[in-house]
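Visitor: Structure incoming, see below.
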Amino acid sequence: MSTKTDELTAMLSPVVESLGLGLELQGVEFAASRSHGLLRLYIDVASGDRLVTVEDCEAVSREVSAVMDVNDPIASAYTLEVSSPGLDRLLFTPAQAMRFAGQQVKVSLALPQDGRRRVQGAILRMDGDLLIVGLEGGGEFAVAFDNIDKARLVPDFAALGLEATPPKAPRPRRKRNESKN
């Protein structure tokens, strides 16, 4: 995580929790650009007994906008997005990774490790600050959590009863008859 996202997380987490909706801030993404940045907040229901609603996102957006206007931690123009984590949620902390132990994860590394920039497998455990991922062909891959650029769950759509239907085969193109009679 960058210093800016750490700062924003520390500032906005209490704001989200203080709304009294049982929500928590899961993570913050900030993509700066010269002309216009993007600030994306991921919120979730702390108890896990319901899903995040559009109304939850609207309430968080209103409150966060007010706090951001007062504190002004981002110098340039930006767009604020508030979102639920979704099925392919990003994992921002070791605690979040442990919550989803046993599930498949795609990990992009900030710095290459053992000749790899990406790893996919099952979350096995945390060992101190190391995320241990079980590789498909067998074996384990250990990566320091601060070397993770992004870690995202890979949903098991079949287990959710949402298995995608195979894409339809493209229809063969007919050639135009260029000659006119």
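Visitor: Peptides 81-88, 103-110: what's the order by average Cβ count within 10 Å, highest mean first?
Guide: Result, highest mean Cβ count within 10 Å first: 103-110, 81-88.
Visitor: Among Phe157, Val54, Pro85, whose Cα projects farthest towards the positive end of the dipole of the chain, with charges put on the beta-carbon of Lys, Arg (+1) and Asp, Glu (-1)?
Guide: Value: Phe157.
Visitor: Where does the chain land at 222 nm, in deg cm²/dmol rounded to the nearest 500, when only DSSP H runs of n ≥ 4 count, each adding -39500 (n - 2.57), divided by all residues?
Guide: Per the formula, -7000 deg cm²/dmol.
Visitor: Something else: Between helix 54-71 and the chain, what is the angle of the helix's C-alpha long axis to the longest principal axis, kept within 0 to 90° and rounded to the nearest 10?
Guide: Helix 54-71 sits roughly 50 degrees off the main axis of the chain.
Visitor: Once you charge only the Cβ atoms, +1 for Lys and Arg and -1 for Asp and Glu, what is the size of the charge dipole of region 72-173 about its Cα centre, to the nearest 20 debye?
Guide: Magnitude of the dipole: close to 600 debye.
Visitor: What accessible area per residue, rounded to a whole number of Å², is obtained for region 1-97 using a probe radius of 1.4 Å? Walk me through the intermediate numbers first.
Guide: Details: 5080 Å² over 97 residues.
Per-residue value: 52 Å².
Visitor: Relative to the longest principal axis of the chain, what angle (0 to 90°, nearest 10) does the C-alpha long axis of helix 3-17 take?
Guide: Around 70 degrees separate the two axes.
Visitor: Rounded to the nearest 20 Debye, what is the dipole magnitude of the chain about its Cα centre when Lys and Arg each give +1 and Asp and Glu each give -1 at the C-beta?
Guide: 1700 debye
Visitor: Taking the Cα centre of region 1-81 as origin, work out the dipole magnitude from +1 charges on Lys and Arg Cβ and -1 charges on Asp and Glu Cβ, in debye rounded to 20.
Guide: Magnitude of the dipole: close to 300 debye.
Visitor: Between Asp49 and Val154, what's the calculated FRET efficiency when r is the beta-carbon distance and R0 is 30 Å? Round to 0.05.
Guide: 0.75
Visitor: Compare the peptides 65-76, 33-44 by average per-residue count of other Cβ atoms within 10 angstrom and give them in order, highest first.
Guide: Packing proxy ranking, top to bottom: 33-44, 65-76.
The values are calculated or read from the model by the stated rules, or taken from the named source; none is laboratory data. Every value quoted in this text rests on a predicted model; they were computed, and no experiment measured them. Here the Cβ is made from the backbone with ideal geometry for all residues, glycine too, and neighbour counts use every protein chain on show. We work out accessible area using only protein heavy atoms, side chains counted, and drop any ligands, DNA or RNA first. Shrake-Rupley method; radii C 1.70, N 1.55, O 1.52, S 1.80 Å.
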